[in-house]
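Worksheet: the structure to be examined is printed underneath.
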Amino acid sequence: MTNPQLSVVIPVYNEEQGLQALFDRLYPALDKLAISYEVVFVNDGSRDRSAAILREQFQKRPDVTRVVLFNGNFGQHMAIMAGFEHCRGQRVVTLDADLQNPPEDTHLLLAKMDEGHDYVGSIRRQRSDSWWRHVASRAMNGLREKITRIKMTDQGCMFRAYDRNIIDAVNSCQEVNTFIPALAYSFARNPAEVVVGHEERAAGESKYSLYSLIRLNFDLMTGFSLVPLQWFSMAGMLISLFSGVFFVFLVVRRLIIGPEAEGLFTLFALMFFLIGIALFGIGLLGEYIGRIYQQVRHRPRYLVEAVLEDAAKTKPKRAKKSVAEETITPSLFSDVQE
């Protein structure tokens, strides 16, 4: 069996309203590339009819469609990881199902890879998000780059292309929590970026709330850098030095001016400020310890209920076997090596 030249991995979570529009644009765009391809959909525990719609699409195009069905919701990045595990293409493109990134721009990523790049990120030409999402994204991108030293102009865009060597390297990792674009960037030999279009969602609502975006960036910074801990170590030394100087100042002031009640409120304010910093530092340390705790438990990162795929392309041909069949994988799927 010859592996396809391109795999497109698409995580899906409660996207029943927009899936047909995605199909109508995705397959014609890939057909125009005139290369062999496959589309790997990963249903991330959708509670609507997304799984049923994906099954119908598989039955329509079993030759180029594969569907991985989770038995629960494990998150976008775990869905992409599962897609990486099941895809076979020499090049892999990740694409969101909401059509905010036009699938017609896939050729731009592949053309950039033809220039010798093994990892191609994307920059949204004209953001169609709300103004606060735009401002918050720019601020977090700048902070993230300073902390992690990973240079991604637009980290929020998952429309990216990866060489097979990078996919294999990502699959070899056993991390429970990770940010895939940053992880792949750390393995890239010659990364690049291209400008792509950006549109409003075809249907439905964004699955990322403000809290989710903050959580994602926090995971990114703690997952790829120790700089936050180092900053707090330096802050602790500076605060200790300042506290010593301030103590000497208060002693001298008491000797010169005498007891004064007003100074008590100043001490309370400083105490609350330092307690706040200490609590934040403890929380930050707890974040790192929590990541270690999740890693050492060796629990499966996600559970696969079933995989819909063309049996003729994945198994040796047998007599009287249908061209398209449903392959049911074991319920438990784990990347953890025993």
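The values are calculated or read from the model by the stated rules, or taken from the named source; none is laboratory data. Predicted model only: the values in this text are computed from it and were never measured. Note that each Cβ is placed from the backbone with ideal geometry, even for glycine, and that neighbours are counted across all protein chains shown.
Side notes on the structure shown:
- Some residue of the stretch 216-229 being modelled with pLDDT of 75 or more and either loosely packed, with under 15 Cβ neighbours inside 10 Å or under 17 Å from Arg149 (Cβ atoms) (or both): yes
- Filtered residue count, the stretch 165-182, keeping only those that are surrounded by 16 or more Cβ atoms within 10 Å (Cβ to Cβ) and free of Cβ contacts under 8 Å to residues at least 40 places away in the same chain: 1
- Unmet requirement for Gly263, which otherwise passes all of (1) at pLDDT 65 or above; (2) over 27 Å from Asn73 (Cβ atoms); (3) part of a helix (DSSP H, G or I): (1)
- Top-ranked residue of the stretch 37-69 - restricted to ones that are touching an Asp or Glu at 6+ places or on another chain (Cβ under 8 Å) and of a type in the set (Lys, Arg), ranked as farthest from Arg88 (Cα to Cα): Arg49
- Residue count, the stretch 9-21 (criterion: hydrophobic (A, V, I, L, M, F, W, C) and touching a Ser or Thr at 6+ places or on another chain (Cβ under 7 Å)): 3
- Residues (β-branched (Val, Ile, Thr), in contact with a Leu (Cβ under 9 Å, 6 or more places away or on another chain) and under 18 Å from Arg25 (Cα atoms)) located in the stretch 68-114: Val93, Thr106
- The stretch 277-331, subset closer than 30 Å to Gly236 by Cα and of a type in the set (Val, Ile, Thr), residue modelled with the lowest pLDDT: Ile277
- Verdict on Glu200 being at pLDDT 80 or above and surrounded by fewer than 16 Cβ atoms within 10 Å (Cβ to Cβ): no
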